[in-house]
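Trainee: The following block contains the structure, expressed as structure tokens.
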């Protein structure tokens, strides 16, 4: 039987009321140490950063919230989730945890996209920014709006459900199937934080099913780039060599043109890793983060 991963650094859980919701915040390290804020991606949880935290070379005060509707943070009871709410939540949580100071901010995937916009909207609040695979989405056209809204209205007519599993071991097997690079001991540990029993005693991922509905808002690249141009902090953009995003976004002329909006940009690639690079190569990711924020 495969053992479960044993963390090197113990996490603490606490809850902060912000914007009418009870937010779960996971922290590691000495509160007097240098703070590092980490925000996770879509259908992920804050515990996902445990492997990177364990790989850090020295003690830091790591602060990682669960986004609304994920992990142990409350669900707002919404039909859909709006990108501006993530900005509002991040702003409120930083005010609560690290008021009146600039922070080092790390975001993965959706969290990386939120962090990039936030750094442009609140440039004085971000000292350095590390974006792990948060590349944005394909450009949309206004003409797509009627069809997108139609799809959203149609999806509202039927309930959306999360798949459930008989045991946490089945959850772990699902995580490994989705990401074959993930060692089973780490998958078993993640399953304990990524899922919980439902009313039937089966295990569901800790994500509001409403996240699965199509978003009625189009991805407006011009608006995103306006925020990127306002970023004052140095930005490290980290890609994984084996991610699907490589060919869809990273290795395209259109995306390279987008990057011209970022004034102080560095880039790095993590080899032998996919989109969940913080699971696949946590030591390399930790090294990149520390090298950049300590520069």
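Trainee: Is it true that some residue in the stretch 200-213 is in a loop (DSSP other than H, G, I, E, B), in contact (Cβ under 8 Å) with a residue 40 or more places away in the chain, surrounded by 14 or more Cβ atoms within 10 Å (Cβ to Cβ) and more than 20 Å from the chain's Cα centre (by Cα)?
Mentor: For the stretch 200-213, residues in a loop (DSSP other than H, G, I, E, B), in contact (Cβ under 8 Å) with a residue 40 or more places away in the chain, surrounded by 14 or more Cβ atoms within 10 Å (Cβ to Cβ) and more than 20 Å from the chain's Cα centre (by Cα): absent.
Trainee: Moving to a separate point now. Which of the residues that make up the stretch 100-135 are closer than 17 Å to residue 35 by Cα, assigned to a helix (DSSP H, G or I) and out of contact with any helix residue (DSSP H, G or I) (no Cβ under 7 Å at 6 or more places or on another chain)?
Mentor: 115, 119, 124
Trainee: I've got another one for you. Please go through the stretch 174-219 and give me each residue that is in contact with a strand residue (DSSP E or B) (Cβ under 9 Å, 6 or more places away or on another chain) and farther than 25 Å from residue 243 by Cβ, ordered by number.
Mentor: Result: 196, 197, 198, 200, 202, 203, 204, 208.
Trainee: Could I ask something else about it? Which of the residues belonging to the stretch 168-195 are without any contact (Cβ under 8 Å) to a residue 60 or more places away in the chain and surrounded by 14 or more Cβ atoms within 10 Å (Cβ to Cβ)?
Mentor: 168, 169, 170, 171, 172, 173, 174, 175, 176, 187, 191, 195
Trainee: Quick one: in the stretch 24-59, which of the residues that are in contact with a helix residue (DSSP H, G or I) (Cβ under 6 Å, 6 or more places away or on another chain) and within 16 Å of residue 194 (Cα to Cα) is surrounded by the fewest Cβ atoms within 10 Å (Cβ to Cβ)?
Mentor: 42
Trainee: Continuing with this model, one more query. Would you say residue 261 is within 23 Å of residue 8 (Cα to Cα), assigned to a loop (DSSP other than H, G, I, E, B), in contact with a helix residue (DSSP H, G or I) (Cβ under 9 Å, 6 or more places away or on another chain) and at pLDDT 95 or above?
Mentor: no
Trainee: Kindly evaluate residue 279 against the criterion of being assigned to a helix (DSSP H, G or I) and surrounded by 14 or more Cβ atoms within 10 Å (Cβ to Cβ).
Mentor: yes
Trainee: Which residues, counting only those in the stretch 228-255, are surrounded by fewer than 18 Cβ atoms within 10 Å (Cβ to Cβ) and at pLDDT below 95?
Mentor: If the condition is that a residue be surrounded by fewer than 18 Cβ atoms within 10 Å (Cβ to Cβ) and at pLDDT below 95, then 241, 242, 244, 247, 248, 251, 252, 253, 254, 255 are the ones that fit.
Trainee: Any idea which of 190, 225 is modelled with pLDDT of 95 or more, touching a helix residue (DSSP H, G or I) at 6+ places or on another chain (Cβ under 9 Å), in a helix (DSSP H, G or I) and within 30 Å of residue 121 (Cα to Cα)? Talk me through it step by step, then tell me what you get.
Mentor: Working: 190 fails: within 30 Å of residue 121 (Cα to Cα).
Every option except 225 fails the conditions.
Trainee: Name the single residue that is nearest to residue 35 (Cα to Cα) among those in the stretch 54-84 being assigned to a strand (DSSP E or B) and in contact (Cβ under 8 Å) with a residue 40 or more places away in the chain.
Mentor: Only one residue fits best here, namely 65.
Trainee: Determine which single condition residue 160 fails, assuming it passes every other condition in (1) farther than 20 Å from residue 223 by Cβ; (2) touching a strand residue (DSSP E or B) at 6+ places or on another chain (Cβ under 8 Å).
Mentor: Evaluating residue 160 over (1) farther than 20 Å from residue 223 by Cβ; (2) touching a strand residue (DSSP E or B) at 6+ places or on another chain (Cβ under 8 Å) leaves (2) as the failure.
Trainee: For the stretch 32-42, enumerate the residues that are touching a strand residue (DSSP E or B) at 6+ places or on another chain (Cβ under 6 Å) and at pLDDT below 95.
Mentor: 33, 35
Trainee: Any residue that is in contact (Cβ under 8 Å) with a residue 40 or more places away in the chain, farther than 24 Å from residue 226 by Cα and part of a loop (DSSP other than H, G, I, E, B) - is there at least one of those in the stretch 85-98?
Mentor: Among the residues of the stretch 85-98, at least one is in contact (Cβ under 8 Å) with a residue 40 or more places away in the chain, farther than 24 Å from residue 226 by Cα and part of a loop (DSSP other than H, G, I, E, B), which makes the answer yes.
Trainee: Identify, from the list 159, 146, the residue that is assigned to a loop (DSSP other than H, G, I, E, B), at negative phi and surrounded by fewer than 14 Cβ atoms within 10 Å (Cβ to Cβ). Give the derivation first.
Mentor: Values: 146 fails: assigned to a loop (DSSP other than H, G, I, E, B).
That would be 159, the only listed residue that is assigned to a loop (DSSP other than H, G, I, E, B), at negative phi and surrounded by fewer than 14 Cβ atoms within 10 Å (Cβ to Cβ).
Trainee: Does residue 252 count as out of contact with any helix residue (DSSP H, G or I) (no Cβ under 7 Å at 6 or more places or on another chain) and either without any contact (Cβ under 8 Å) to a residue 40 or more places away in the chain or within 19 Å of residue 120 (Cβ to Cβ) (or both)?
Mentor: yes
Trainee: Among (1) in a helix (DSSP H, G or I); (2) without any contact (Cβ under 8 Å) to a residue 60 or more places away in the chain, there is one condition residue 30 misses while meeting the rest; what is its number?
Mentor: Failing condition for residue 30: (1).
The values are calculated or read from the model by the stated rules, or taken from the named source; none is laboratory data. Fair warning: this is a prediction, and the values are worked out from it, not measured in the lab. Cβ coordinates were reconstructed from backbone atoms using ideal geometry, including for glycine residues, and neighbour counts include every protein chain displayed.
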